[in-house]
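Asker: Structure provided below as structure tokens; questions to follow.
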Amino acid sequence: MTASDLLNRLFMAVLTLLGVAVIVFCLLRIVPGDPIAMMISPSATPADIAALRAHYGLDLGLPQQFGIWFMDVLKGNFGTSISQRRDVMELIGERLPATLELAFAALVFGVVAGGVIATLGTLARRTALDPALDFINGLFLAVPDFVWALALVLLLGVFWPVFPLSGRIDPTLSTYFHTDFYLIESLVTLNFSAFGDLIAHMVMPMLALGLPLAAIVVRTLKEALAEAMVQDYVLLARLKGMSPLRLVLQEALRNAVGPTLTLTGVQFTFMIGGTVIVERIFSYPGLGNMAIDAVINRDLPLIQGIVLTFGAIFILVNILVDLIAGWLNPRGAVHG
Amino acid sequence: MTQPLVAIEGLSAISTRDGGAPVLRDVSLTLEKGEVRGLVGESGAGKSTIAKALLGILPSTVKVTGGFIRFEGRDLLAMPRRELSDIMGRDITLIPQDPQTALNPARRIEAQLTDGLRLKLGMSKAQAHERALQLLDEVQIRNPERVLNAYPHELSGGMRQRILIASAFALNPKLVVADEPTTALDVTVQKEILRLIRRMQEAHGTAVIFVTHDLGVVAKICDRVTLLYAGKVIEDGATADMLTAPKHIYTSALIAAGPRYDRPNAGLEPVPEAVFRQLRAEIGIAERRV
């Protein structure tokens, strides 16, 4: 990707986010449900309700509401949460790191596990292991993240309770963190008791989100590797005495990784969506979990802020994937 | 030393996929050191199967049912895998057919050209680099440093084939198997590549098995020719003898079928069906193999 391509993509990203803002704003006003009704006490008079409405600007016309909100967003102000009475940016800032850590861990797990299994499967071509692997992987492909979450709760939380069932960190640990990136911070500050506890809490939601990704990586990567392994350049390298593992990793992998990378990017954005339900199941204090609360409370500014944040992540991931793809494939890359 | 470099004796093979149809029928031929031998025939004649057998890369669908391939007196078909992989890539190397697919698009030329030097000879990176520069000079590539640093897609087809030739001769092999190395190239580039293979072969004293379906190519480069049909050796001899005084009717029909530059308007003359009938009768097959 050239610099002008990148600028182009960033420009398109801004346009896309603008579209997302309009759509989410309109949708939320079409869907029934009144945020004020969730806040008032039963003894409130119609005058109280009208005052509250005016306070949140809900008495204004829709275009006017959108204009005020949008101008504020451009200034970096996402408004105040109606249910929590706190700044939306601040709330998102507190929760997003937890979700990013979880999603990134699941991504790393899915790619590494999938990559290793695909490599082993490629080395085991024409043995009995190969079809067995495909069969098992087919089963894994069919199980979605929330089913994994429930199965893991039963397996590793109830029958064989090795991992904590809920939360992000043991509250009795009383560790003070300076940032909201607990996992990274505990690693940087070499606080291994906190790190271990964070990992233990993360294992199950990470597996729930990462296993479907791993299955997809295995499927696409193995297919692409099989195609690459019969190329003449692999044959020549084999004749020159290259070991089977190096043939896969050095000769085939870089030529086979393209489709997997693209699909992983798409899948990663699905996975961010999946965090909503998986975080809920494990009471993991991330952005997804907060999104459900926000919807239940009809907390319009908070929902808008969260959706815009998710949208920005989707777009950034897609640009990143294209950058990596260009870097991996010298034919598409810029030389200089 | 009177022992030939390669002696194929009574080699027979069948295709397990094709209901056990024979792909090689009692093939025998010998190759002396430093000799260029053409293996000629149409598709399915068995020339590629012989080449693959020499390289130890027969597909799993081909089963050898009899015979030997002796390389310096040792039977390649009965050799333990380890010894075989010692010989392959060092004493026996390959110039592949298509330079578009024979170079890894994701690796720089230097890495691919020096693989064999580093893996088989244990050269250091710096030694291999020096040797790679020499090799590129031998195959007449200017700007060797730039080429070593390039990716395959930055080079022309002829350039890539030169690199593959350099790579095939890098370890001073005793035998190079050239699998239709000019088929994928322009006619003008073909001529240069043929000349280059011949020169490299003479300089290194290497024997070459040249697989082709093109008698014109054979005339330019080969000392001796083996003509195959349906897995059977039809005629075998010195190139000049065979082209000027063919013994078999199929050979003369093939020569007559080639384009004639001295008579450009004469048109092409296909090999008559009667010749194929005679061939099938001689070999003992009912159907013409395609």
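The values are calculated or read from the model by the stated rules, or taken from the named source; none is laboratory data. The structure displayed is predicted, hence computed values, not measured ones. Don't worry about glycine lacking a Cβ; one is built from the backbone with ideal geometry, like all the others, and counts go over all protein chains shown. These area figures cover heavy atoms from the full protein model, side chains too; ligands, DNA and RNA do not enter into them. Shrake-Rupley method; radii C 1.70, N 1.55, O 1.52, S 1.80 Å.
Asker: Among the numbered conditions (1) touching a residue at least 60 places away in the same chain (Cβ under 8 Å); (2) closer than 30 Å to A:L120 by Cα; (3) open to solvent by 10 Å² or more (accessible area, probe 1.4 Å), tell me where A:V230 comes up short.
Answerer: Result: A:V230 fails condition (1) only.
Asker: Now for a separate question. Name the single residue, out of those in the stretch B:101-123 being at the interface with chain A (Cβ under 7 Å from one of its Cβ atoms) and more than 20 Å from B:G157 (Cα to Cα), that is most open to solvent (accessible area, probe 1.4 Å).
Answerer: B:L119
Asker: Yes or no: the stretch B:52-65 includes at least one residue that is surrounded by 21 or more Cβ atoms within 10 Å (Cβ to Cβ), at the interface with chain A (Cβ under 10 Å from one of its Cβ atoms) and touching a residue at least 12 places away in the same chain (Cβ under 8 Å).
Answerer: yes
Asker: Only one of B:T244, B:T239 is among the hydroxyl-bearing types (S, T, Y) and open to solvent by 50 Å² or more (accessible area, probe 1.4 Å); which?
Answerer: On the way: B:T239 fails: open to solvent by 50 Å² or more (accessible area, probe 1.4 Å).
Unique residue meeting the criteria: B:T244.
Asker: Can I ask one more? Select from the stretch B:185-236 the residues that are open to solvent by 10 Å² or more (accessible area, probe 1.4 Å), over 22 Å from B:V23 (Cβ atoms) and either part of a strand (DSSP E or B) or acidic (D, E) (or both) and list them in ascending order.
Answerer: B:D186, B:E192, B:E202, B:D223, B:R224, listed by residue number.
Asker: Considering only residues that are open to solvent by less than 50 Å² (accessible area, probe 1.4 Å), over 17 Å from A:D34 (Cβ atoms) and among the polar types (S, T, N, Q), which ones fall in the stretch A:59-101?
Answerer: Correct list: A:T99 only.
Asker: Next question. Could you count how many residues in the stretch A:1-54 are charged (D, E, K, R), part of a helix (DSSP H, G or I) and over 16 Å from A:A312 (Cα atoms)?
Answerer: The total comes to 4.
Asker: Continuing with this model, one more query. Tell me yes or no: at least one residue of the stretch A:244-260 is under 30 Å from A:F78 (Cα atoms) and away from every other protein chain (no Cβ under 14 Å).
Answerer: no
Asker: Sticking with this structure for a sec: Among the residues of the stretch A:266-284, is any more than 14 Å from chain B (Cβ to nearest Cβ), farther than 30 Å from A:V73 by Cβ and in a helix (DSSP H, G or I)?
Answerer: The answer is yes; a qualifying residue exists.
Asker: Among all residue pairs at least 6 apart or on different chains, which show Cβ distances below 8 Å where the first residue, located in the stretch A:123-141, is within 14 Å of another protein chain (Cβ to nearest Cβ) and in contact (Cβ under 8 Å) with a residue 60 or more places away in the chain and the second is of a type in the set (G, A, S) and surrounded by 12 or more Cβ atoms within 10 Å (Cβ to Cβ)?
Answerer: Taking only residues 6 or more apart or on different chains, the pairs are A:R125/A:A226.
Asker: In addition: Six or more apart or on different chains, Cβ under 9 Å: which pairs go from a residue in the stretch A:34-58 that's open to solvent by 80 Å² or more (accessible area, probe 1.4 Å) to one that's outside any loop (DSSP other than H, G, I, E, B)? Could you list them?
Answerer: Qualifying pairs under 9 Å: A:M38/A:I296.
Asker: Do you know which residues across the stretch B:162-183 are outside any helix (DSSP H, G or I) and open to solvent by less than 60 Å² (accessible area, probe 1.4 Å)? It would help to see each step written out before you state the result.
Answerer: Start the filter on the stretch B:162-183 by keeping residues that are outside any helix (DSSP H, G or I), which leaves B:170-183.
Within the stretch B:162-183, B:A170, B:L171, B:P173, B:L175, B:V176, B:V177, B:A178, B:D179, B:E180, B:P181, B:T182 qualify.
Asker: Is at least one residue of the stretch B:129-143 more than 10 Å from chain A (Cβ to nearest Cβ), among the aliphatic types (A, V, I, L, M), touching a residue at least 12 places away in the same chain (Cβ under 8 Å) and open to solvent by 20 Å² or more (accessible area, probe 1.4 Å)?
Answerer: yes
Asker: Being open to solvent by less than 50 Å² (accessible area, probe 1.4 Å) and within 14 Å of chain B (Cβ to nearest Cβ) is the filter here; which residues of the stretch A:180-227 pass it?
Answerer: Once the filter is applied, which keeps residues that are open to solvent by less than 50 Å² (accessible area, probe 1.4 Å) and within 14 Å of chain B (Cβ to nearest Cβ), the stretch A:180-227 yields A:A224, A:L225.
Asker: Is there any pair linking a residue in the stretch B:86-98 that is without any contact (Cβ under 8 Å) to a residue 40 or more places away in the chain and at the interface with chain A (Cβ under 7 Å from one of its Cβ atoms) to one that is open to solvent by 20 Å² or more (accessible area, probe 1.4 Å) and in a loop (DSSP other than H, G, I, E, B), with Cβ under 8 Å and at least six apart or on different chains, and which?
Answerer: That search, which allows pairs on different chains as well, returns B:M88/A:G241; B:M88/B:G56.
Asker: Considering the stretch B:216-228 alone, what residues qualify as being touching a Lys or Arg at 6+ places or on another chain (Cβ under 9 Å) and either modelled with pLDDT under 90 or among the aliphatic types (A, V, I, L, M) (or both)?
Answerer: Correct list: B:K220, B:I221, B:V225, B:L228.
Asker: Return the only residue of A:L249, A:L316, A:L236, A:L261 being more than 30 Å from A:I169 (Cα to Cα), part of a helix (DSSP H, G or I) and open to solvent by 40 Å² or more (accessible area, probe 1.4 Å). Don't jump to the end; show me each part of the working.
Answerer: Values: A:L316 fails: more than 30 Å from A:I169 (Cα to Cα); A:L236 fails: open to solvent by 40 Å² or more (accessible area, probe 1.4 Å); A:L261 fails: open to solvent by 40 Å² or more (accessible area, probe 1.4 Å).
Answer to the check: A:L249.
Asker: Now a separate question. Check whether at least one residue in the stretch B:149-161 is within 19 Å of B:L31 (Cα to Cα), open to solvent by less than 10 Å² (accessible area, probe 1.4 Å) and not hydrophobic (A, V, I, L, M, F, W, C), and report yes or no.
Answerer: No: the stretch B:149-161 contains no residue that is within 19 Å of B:L31 (Cα to Cα), open to solvent by less than 10 Å² (accessible area, probe 1.4 Å) and not hydrophobic (A, V, I, L, M, F, W, C).
Asker: Residue check: is A:P63 in contact with a Phe, Trp or Tyr (Cβ under 6 Å, 6 or more places away or on another chain) and part of a helix (DSSP H, G or I)? Break it down into steps so the answer makes sense when it comes.
Answerer: Working: in contact with a Phe, Trp or Tyr (Cβ under 6 Å, 6 or more places away or on another chain): no; part of a helix (DSSP H, G or I): yes.
The answer is no for A:P63.
Asker: Would you please list the contacts, defined by Cβ atoms under 6 Å and residues six or more apart or on different chains, that run from a residue in the stretch B:232-255 that is under 20 Å from B:I221 (Cα atoms) to a residue that is surrounded by fewer than 18 Cβ atoms within 10 Å (Cβ to Cβ) and among the basic types (K, R)?
Answerer: The qualifying pairs are B:E235/B:K247.
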